[in-house]
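Taken together, the values in this text are just the output of simple stated rules run on the coordinates, not laboratory data. The shown structure was predicted, so the numbers you read here are calculated from the model rather than taken from an experiment. Cβ placement follows ideal geometry from the backbone for every residue including glycine, while neighbour counts extend to all protein chains displayed.
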Amino acid sequence: AEREEALKERVRQLLDRENAVLVAHYYTDPIVQALAEETGGFIADSLEMARFGSRHPASTLVVAGVRFMGETSKILSPEKRVLMPTLEAECSLDLGCPVDEFSAFCDQHPDRAVVVYANTSAAVKARADWVVTSSCALDIVEHLMEQDKKIIWGPDKYLGSYIQKQTGADMLLWDSSCIVHEEFKAKGITDLKKVYPDAGVLVHPESPDAVVEVADVVGSTSQLLKASHELPNDTFIVATDRGIFYKMQQASPNKSFIEAPTAGESATCKSCAHCPWMAMNTLEALVQCLEKPDALNIVEVSDDLRVQSLKPLQRMLDFTA
Ligand code: 13P
Ligand code: SF4
């Protein structure tokens with residue numbers, strides 16, 4: 001605890017010295033989220049993280065999240081220095097969507113609008129017509145349907161399938177998934193409901209279809225957070241990264257939050273309800289990136305890529321403004 005205090009104090013000093021602001025995702029360690037809050041930074045979903053960073057006057061953004069979030073911040077704020085505790089904080093969706101293969105897939109269907117999830121590399125965004133996050137994907141797909149557009153959707157097949165069912169849109173889905181959300185099990189949730197019959201079930205749409213079907217509310221991290229506060233239930237079973245419990249508990253101190261069951265009995269499942277890449281955002285790594293940033297801390301996006309990827313990103317920001 002003493003060491004933790006010392007590290008937190010060091011981060012506070014360094015943020016100050018570097019004219020930097022800390023922006024953390026809801027899935028990071030509660031210690032990091034609390035530090036962001038306390039130092040005038042921000043905790044948010046991937047969409048709001050990007051928006052906050054571009055509007056904040058600090059000259060350095062420290063993005064505690066995963067690599068695509070740092071890249072998005074850099075694309076929106078090229079004049080700022082963007083640091084991350086480590087660029088090795090990846091995302092299985094990003095890894096599952098290499099730009100060459102995805103581009104070739106798009107080239108085969110030139111009549112379709114290309115819609116990609118924010119959880120992708122800058123290069124994949126640059127190939128897209130629209131970027132979406134889970135908080136605006138439904139609205140944007142509905143908007144495209146109004147224009148009779150057929151869609152290529154990448155990379156999350158579960159989110160894609162959820163949106164397809166909700167909207168009836170004509171969508172070709174890329175085959176990738178989030179290693180955290182795909183582990184949730186519908187049977188585990190319905191079993192748990194027998195123990196807590198009054199619990200509300202909150203599910204992020206990166207989860208498999210069967211899990212989405214047992215949900216009371218399906219939504220992005222910020223939508224689930226809102227639901228946990230606004231619904232009358234005292235208890236919630238939550239199928240998303242447990243990092244979100246920090247904010248849920250803060251908004252509703254008298255409610256109880258329970259992790260949705262995963263296939264967690266297996267020794268190979270190290271990511272049950274917590275993203276291993278989000279977990280790389282430690283206090284030690286925060287100190288290091290501010291004290292002595294190296295190539296694994298400094299987010300760079302080439303000018304070409306930045307210009308190309310900004311177009312679909314800006315479309316999303318304008319649409320959701
Ligand atoms: P949102 O923050 O957009 O809900 O996305 C969740 C996610 O995939 C972050 O890892
Ligand atoms: Fe990617 Fe899933 Fe981790 Fe989010 S929780 S960063 S979608 S692997």
>> How far apart, in nanometres, would the label points at GLN250 and ARG3 be if each is projected 7 angstrom from Cα along the Cα-to-Cβ direction?
In response: 2.6
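Using packing as a proxy for protection, rank 112-123, 72-83 so that the peptide with the highest average count of other Cβ atoms within 10 Å comes first. Don't jump to the answer; show the numbers that get you there.
Details: 112-123: 24.4, 72-83: 21.2.
Put in order of decreasing packing, that is 112-123, 72-83.
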>> With n ≥ 4 as the cut-off for DSSP H runs, can you work out [θ] at 222 nm for the chain, using -39500 (n - 2.57) per run divided by the number of residues, rounded to the nearest 500?
In response: -13000 deg cm²/dmol
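Which value results for Rg/Rh of the chain when Rg is the Cα radius of gyration and Rh the Kirkwood radius based on the inverse mean 1/r?
Working: Rg = 19.3 Å, Rh = 20.1 Å.
Expressed as Rg/Rh, it is 0.96.
Could you grab the Rg to Rh ratio for region 233-319? Cα atoms only, Kirkwood for Rh. Numbers along the way, then the final one.
Values: Rg = 18.9 Å, Rh = 17.0 Å.
So for region 233-319, dividing Rg by the Kirkwood Rh gives 1.11.
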> Using a Gaussian network for the chain with springs between C-alpha atoms less than 10 Å apart, which of these wobbles most: MET280, MET145, MET84?
Replying inline: MET145
>> Out of all DSSP beta bridges in the chain, what portion is antiparallel? Express it as a percent rounded to 5.
In response: 5
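With the cut-off at 29 Å, tell me which of the pairs LYS8/LYS187; LYS193/LYS226; LYS80/LYS311 have Cα atoms farther apart than that.
Working: LYS8/LYS187 41 Å; LYS193/LYS226 21 Å; LYS80/LYS311 19 Å.
Checking Cα-Cα distances, LYS8/LYS187 exceed 29 Å.
Report the relative contact order of the chain, percent, no decimals, based on alpha-carbon pairs under 8 angstrom and at least 6 residues apart. Kindly include the intermediate steps, with their values, before the conclusion.
Numbers: 638 pairs, mean separation 72.3, N = 321.
About 23 percent, as a whole number.
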> Label point 7 Å out from ARG17 along Cα-to-Cβ: which residues of region 46-82 have amide N under 16 Å?
Replying inline: 60
